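What follows draws every value from the coordinates through simple rules; no lab data is involved. No experiment lies behind these values; they were computed from the predicted model shown. Here the Cβ is made from the backbone with ideal geometry for all residues, glycine too, and neighbour counts use every protein chain on show.
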Amino acid sequence: MRIGILSRNKKLYSTKRLVEAGIARGHEVDVVDTLQCYMDITKSRPAVRYRGEELPIFDAIIPRIGASITFYGTAMVRQFEMMGTFSVNESVSISRSRDKLRSLQLMSRAGVGLPRTGFANKSTNIKDLIKTVGGAPLVIKLLEGTQGIGVVLADNNKSAESIVEAFMGLKANILVQEFIKEAGGADLRCFVIGNRVVAAMKRQGAEGEFRSNLHRGGSATLIKLSKEERATAVSAAKVMGLGVCGVDLLQSNNGPVVMEVNSTPGLEGIETTTGKDVAGLIFDYIEKNAKPFKTKTRGKG
């Protein structure tokens with residue numbers, strides 16, 4: 001099969017591992033810089049051009065779309081879908097996962113475990129918004145934040161009101177969520193491919209840090225998930241419509257709750273911690289599922 005990896009940087013660990021895994025399985029693998037692609041939108045014969053030439057038709061693509069290029073990246077994935085190329089993660093699914101509010105609403109409707117969350121537009125509603133999620137301590141998140149950036153813990157109601165007012169004053173869109181104290185600054189990264197969790201690790205935040213992101217100095221250890229944790233991760237991926245994703249869970253007193261679903265999960269942390277060939281498992285998924293014009297979402301929001 002001829003497979004394209006949409007990635008801005010072929011030197012990244014995840015991109016390199018995918019190339020290695022694909023070649024090891026006998027596939028022809030091309031790394032394509034998403035922002036160097038441009039579209040030929042025409043009746044009956046859509047095409048993608050790259051650095052002055054028309055790209056060949058790929059049997060499948062693996063989108064590695066960074067948050068900063070979500071709009072253009074998903075448009076490009078959509079163009080490949082129009083050409084009949086199978087995408088590991090479809091454009092609609094990536095868009096869903098990148099919109100924190102939308103993703104939470106979809107998972108709520110499907111009955112997936114979530115921390116209690118509030119969202120408002122007017123500063124006149126702040127006190128009731130905070131009360132709605134159970135009061136402080138609580139977590140305030142920028143909708144556009146990634147890798148723990150734009151996430152603030154408010155210890156008391158007064159500071160929570162001040163932080164929310166400040167963000168609203170800057171016209172920033174924010175979520176207010178209950179703080180899961182019993183998680184102890186740790187979360188579970190579940191790597192989902194298809195309909196199963198293929199690898200999982202527990203990420204522990206650095207001392208004094210409630211965010212567990214490895215980019216922020218957190219550490220990772222191997223963990224065995226419970227049946228409920230596995231089911232929650234798979235359900236979250238299914239609601240998003242993602243074939244490959246990272247689902248971040250918190251262990252609460254009321255069972256596992258989903259913090260985020262990541263459509264472009266990194267491979268280095270999960271492969272290093274678990275010793276599993278996750279990149280290879282992604283190609284197993286492609287080999288079993290890649291067919292022309294095969295889509296899960298069929299363009300539905």
- In Hz, Karplus ³J(HN,Hα) per residue of region 272-286 (6.51, -1.76, 1.60; θ = phi - 60°; x = Gly, Pro): 5, 6, 9, x, 9, 7, 5, 4, x, 5, 5, 6, 4, 5, 4
- Query: Which distance in nm do the two modelled labels at Lys10 and Glu165 give, with both placed 7 Å along the Cα-to-Cβ direction?
  - Reply: 5.4
- Message: Going Cα to Cα from Lys11, which lysines come in below 25 Å? Please leave out same-chain ones fewer than 8 positions away.
- Response: Lys276
- Under 13 Å from the Tyr72 label point (7 Å along Cα→beta-carbon), backbone N, region 25-58: 33-39, 51
- Excluding the sites themselves, what is the longest stretch of the chain that contains no trypsin sites (Lys or Arg not before Pro) in a DSSP loop with at most 11 other C-beta atoms within 10 Å? 225-297
- Helix 157-169 versus the longest principal axis of the chain: what is the Cα-based angle in degrees, 0 to 90, to the nearest 10? 40
- Item | Local electrostatic count at Ala67 - Lys and Arg +1, Asp and Glu -1, tallied over other residues with Cβ under 13 Å | +1
- Sorting Leu55, Leu250, Leu101 on the 10 Å Cβ count, fewest up front, what's the list? Leu101, Leu55, Leu250
- In a shell of Cβ-Cβ distance under 13 Å around Asp99, excluding Asp99 itself, what net charge do Lys and Arg (+1) and Asp and Glu (-1) give? +3
- Query: How large is the dipole of the chain about the Cα centre if only Lys and Arg carry +1 and Asp and Glu carry -1, each at its Cβ, rounded to the nearest 20 debye?
  - Reply: 620
- Environment charge of Thr34, counting only residues whose C-beta is closer than 11 Å and scoring Lys/Arg +1, Asp/Glu -1: +1
- Among DSSP beta bridges whose residues both lie in region 2-96, state the antiparallel percentage, nearest 5. 35
- Task: Check cross-link reach from Lys122 to the lysines: straight Cα distance under 29 Å, and skip same-chain residues fewer than eight apart.
- Result: Lys100, Lys131, Lys141, Lys158, Lys171, Lys181
